[in-house]
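A.B. asks: Dropping the structure in here first, questions after.
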Amino acid sequence: MSATNASTEKTSILIIGTGFSGLCMGVQLKKAGIEDFVLLERGDDVGGTWRDNHYPGAACDVPSTLYSFSFEPNPEWSRSFPTQPELFEYQRHVARKYGLTPHVRLKADVQECRYDEATKRWTVTAKDGRVFEGSVVVSGMGGLSNPSYPNIPGLDQFEGESFHSATWNHDFDLRGKRVAVIGTGASAIQFVPQIVGKVSELHYFQRTPPWVLPKADGPVRGWEKSMFRALPFTQKIYRACVYGLRECYVLGFTTFPKVMAAVEWLAKAHIHRHVKDPVKRQQLTPNYRAGCKRVLLSNDYYQAVARPNVNLVTDGIQEVRGKRVVTKDGTEREVDAIIFGTGFKIQELAPKGTFIGTAGRDLADVWQSGVEAYRGTTISGFPNLFMMVGPNTGVGHTSIIYVIESQARYVVDAIKTMRDQKLGSVDVRPEVLKQYNDKVQSMLVGTVWNNGGCKSWYLSENGRNNTLWPTFTFRFRSQLKSFDQASYQVKR
Ligand code: N01
């Protein structure tokens, strides 16, 4: 049943999210001459993850020249690795320059997308009651949109201030406060060095230490910017070199995991150089193969943890009592604030009730038996739904924007095919979906992500890797070169 009513906004293509995925889709549709689309954004500005994650020190660990759209090179990047404010501004610039702003509906927090088999259209309902209707839905919600909180008894009754890295409370003055930080992932290693000099005590709760390498970061020099401005091809060449070099890492992750021993050696030297306390050194040294979890980059992390006001706690947290965090060994630590660097609900690409396909099936239920999509983009039983950065599209070594651009090209080609051939719906064949995923899973066997001796969010609870792309990203791009209609059941 469609929830269509008089105030329903009708269009052809509904894009959910205005992060890099949504923006890229919008630009590519415009370039293809398609104007009848709407971008639904739950926030009050475009930008997605890079709008929301404004914690101190937020930056990207992929070089700026690669972490940007190929069609919109930016000669003005101030650093080799872009910071959050610059990335957010870049996204706003893209929205303005490519005329996407009139297509954006802000504060449209999507609650449900429901497919109607009779009309072959999707009805999308926002939490504030607004209704949108279109024949195609492109989900650019991404996996890093919903913060994940640890399940610790008593946490909801904590008597101090608490917030997540993705919902940072800048009004809370950390100066002189006793602070607990839970989590030691990509976000925490960026904000801990920023706050350690302000707080009086930092109790840093580490479950698994990450491998951290030095970051080859620094300001982009004036002459480099001038060169990129005057001779844009030089930035393209630079980007291609960065891309090519990073693709070589894939060999270490997939084919020769022993090569990762060199990464471990470098990371251990990094610890040795900045951490003099032998106990902390040992606590900070991982016991799994580098690459099993995302390898992190920082030039100030170990110096921060080495400071005397940092108490690195490796005992698990048992409960929170009043203002105290109690660990399993019975130690109680009183704190004024808890900051969560505990990541995102990455396995929740389709929260229950969000995508209802043919025969009223909920994608969350369909995915109970395994999160999978064809070419990371389409799912049987969910016609005309395209998922950006879907299952097995994640990358740990290069820019996700490369993946996003590859998918956008495929989706635009699918939409053009539907229009040219007057197709009402395209639904990937179940046998094609299965065959594809069997292949992807077989390629992941033996990789450092599946066998590196760690427990990471790359793997689901049953140990299946439905997060990462298993090989070179140019192979991903090549399979998404054009829409392969024969893999789909089509209805006119
Ligand atoms: O989250 P994470 P993040 N009790 O999932 C710990 C991207 N990113 O927000 O390792 C105690 O990496 C958890 O411990 P363990 C990037 O893709 C990109 O830092 O599971 N601890 C871990 O230490 C990244 O991967 C950039 O044992 C708990 C931490 O919390 C993704 O965002 C920059 C716990 C979570 O680490 C997420 O990064 C920043 C519990 N119950 C982020 N639950 C770029 O530069 C979790 N932890 C592109």
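The values are calculated or read from the model by the stated rules, or taken from the named source; none is laboratory data. All values reported here derive from a predicted model rather than from experimental measurement. All Cβ positions, even for glycine, are placed from backbone atoms using ideal geometry, and neighbour counts span all protein chains on display.
A.B. asks: Specify which of the listed residues (ALA108, ALA118) is touching a residue at least 12 places away in the same chain (Cβ under 8 Å), over 26 Å from ASP413 (Cβ atoms) and either outside the structural domain of SER12 (by TED's automatic domain parsing) or in a loop (DSSP other than H, G, I, E, B) (or both). Please lay out each step first, then the result.
C.D. replies: Details: ALA118 fails: touching a residue at least 12 places away in the same chain (Cβ under 8 Å).
ALA108 is the lone residue from the list that is touching a residue at least 12 places away in the same chain (Cβ under 8 Å), over 26 Å from ASP413 (Cβ atoms) and either outside the structural domain of SER12 (by TED's automatic domain parsing) or in a loop (DSSP other than H, G, I, E, B) (or both).
A.B. asks: Something else now. Out of curiosity, is PHE256 of a type in the set (Phe, Trp, Tyr) and surrounded by 13 or more Cβ atoms within 10 Å (Cβ to Cβ)? Steps first, answer last, please.
C.D. replies: Numbers: of a type in the set (Phe, Trp, Tyr): yes; surrounded by 13 or more Cβ atoms within 10 Å (Cβ to Cβ): no.
Against the criterion (of a type in the set (Phe, Trp, Tyr) and surrounded by 13 or more Cβ atoms within 10 Å (Cβ to Cβ)), PHE256 does not qualify.
Conditions tested, residue by residue: (1) within 16 Å of the ligand (Cβ to nearest atom); (2) β-branched (Val, Ile, Thr).
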site: THR11; (1), (2): no, yes
site: LEU87; (1), (2): yes, no
site: HIS103; (1), (2): no, no
site: LEU106; (1), (2): no, no
site: CYS113; (1), (2): no, no
site: ASP116; (1), (2): no, no
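A.B. asks: Same structure again: Identify, from the list TRP469, TRP457, TRP449, the residue that is aromatic (Phe, Trp, Tyr), closer than 30 Å to ASN287 by Cβ, within 16 Å of the ligand (Cβ to nearest atom) and at pLDDT 95 or above.
C.D. replies: Step by step, each of TRP469, TRP457, TRP449 is checked, and only TRP469 is aromatic (Phe, Trp, Tyr), closer than 30 Å to ASN287 by Cβ, within 16 Å of the ligand (Cβ to nearest atom) and at pLDDT 95 or above.
A.B. asks: Oh, and also: Quick check on this structure: which one of GLN368, GLN347 is of a type in the set (S, T, N, Q), in a helix (DSSP H, G or I) and at pLDDT below 95?
C.D. replies: That would be GLN368, the only listed residue that is of a type in the set (S, T, N, Q), in a helix (DSSP H, G or I) and at pLDDT below 95.
A.B. asks: Moving on to the next point. Consider the stretch 250-287. How many of its residues are over 23 Å from the mean Cα position of the chain (by Cα) and touching a residue at least 60 places away in the same chain (Cβ under 8 Å)?
C.D. replies: Going through the stretch 250-287 one residue at a time, the tally reaches 7.
A.B. asks: So, in the stretch 441-492, exactly how many residues are in a loop (DSSP other than H, G, I, E, B), of a type outside the set (Val, Ile, Thr) and over 30 Å from GLU117 (Cα atoms)?
C.D. replies: Total meeting the criteria: 16.
A.B. asks: Would you check if TRP223 is farther than 17 Å from TRP77 by Cβ and either at pLDDT below 95 or among the hydrophobic types (A, V, I, L, M, F, W, C) (or both)?
C.D. replies: No, not satisfied.
A.B. asks: Let me ask another. Taking the residues in the stretch 171-212 that are in a strand (DSSP E or B) and within 13 Å of the ligand (Cβ to nearest atom) as candidates, determine which candidate is nearest to VAL263 (Cα to Cα).
C.D. replies: VAL212
A.B. asks: Taking only the stretch 213-244 into account, find how many residues are out of contact with any helix residue (DSSP H, G or I) (no Cβ under 8 Å at 6 or more places or on another chain), hydrophobic (A, V, I, L, M, F, W, C) and not in a loop (DSSP other than H, G, I, E, B).
C.D. replies: 7
Every residue, every condition in (1) surrounded by 21 or more Cβ atoms within 10 Å (Cβ to Cβ); (2) in contact with a helix residue (DSSP H, G or I) (Cβ under 8 Å, 6 or more places away or on another chain), yes or no:
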site: ALA408; (1), (2): yes, yes
site: LEU423; (1), (2): no, yes
site: VAL426; (1), (2): yes, yes
site: ARG429; (1), (2): no, yes
site: VAL432; (1), (2): no, yes
site: SER442; (1), (2): no, no
site: VAL448; (1), (2): yes, yes
site: TYR458; (1), (2): yes, yes
site: ARG464; (1), (2): no, yes
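A.B. asks: To continue, here is another question. Return yes when VAL305 is in a helix (DSSP H, G or I) and buried (at least 21 other Cβ atoms within 10 Å of the Cβ) and no when it is not. So that I can check it myself, show each step before the final result.
C.D. replies: Details: in a helix (DSSP H, G or I): yes; buried (at least 21 other Cβ atoms within 10 Å of the Cβ): yes.
So VAL305 fits the description; yes.
A.B. asks: Would you say GLY452 is touching a residue at least 24 places away in the same chain (Cβ under 8 Å), small (Gly, Ala, Ser) and surrounded by fewer than 16 Cβ atoms within 10 Å (Cβ to Cβ)? So that I can check it myself, show each step before the final result.
C.D. replies: On the way: touching a residue at least 24 places away in the same chain (Cβ under 8 Å): yes; small (Gly, Ala, Ser): yes; surrounded by fewer than 16 Cβ atoms within 10 Å (Cβ to Cβ): no.
No; evaluated as a whole, the condition is false for this residue.
A.B. asks: Return the only residue of VAL403, VAL335, VAL389 being outside the structural domain of SER21 (by TED's automatic domain parsing), within 16 Å of the ligand (Cβ to nearest atom) and crowded, with 21+ Cβ neighbours inside 10 Å.
C.D. replies: VAL335
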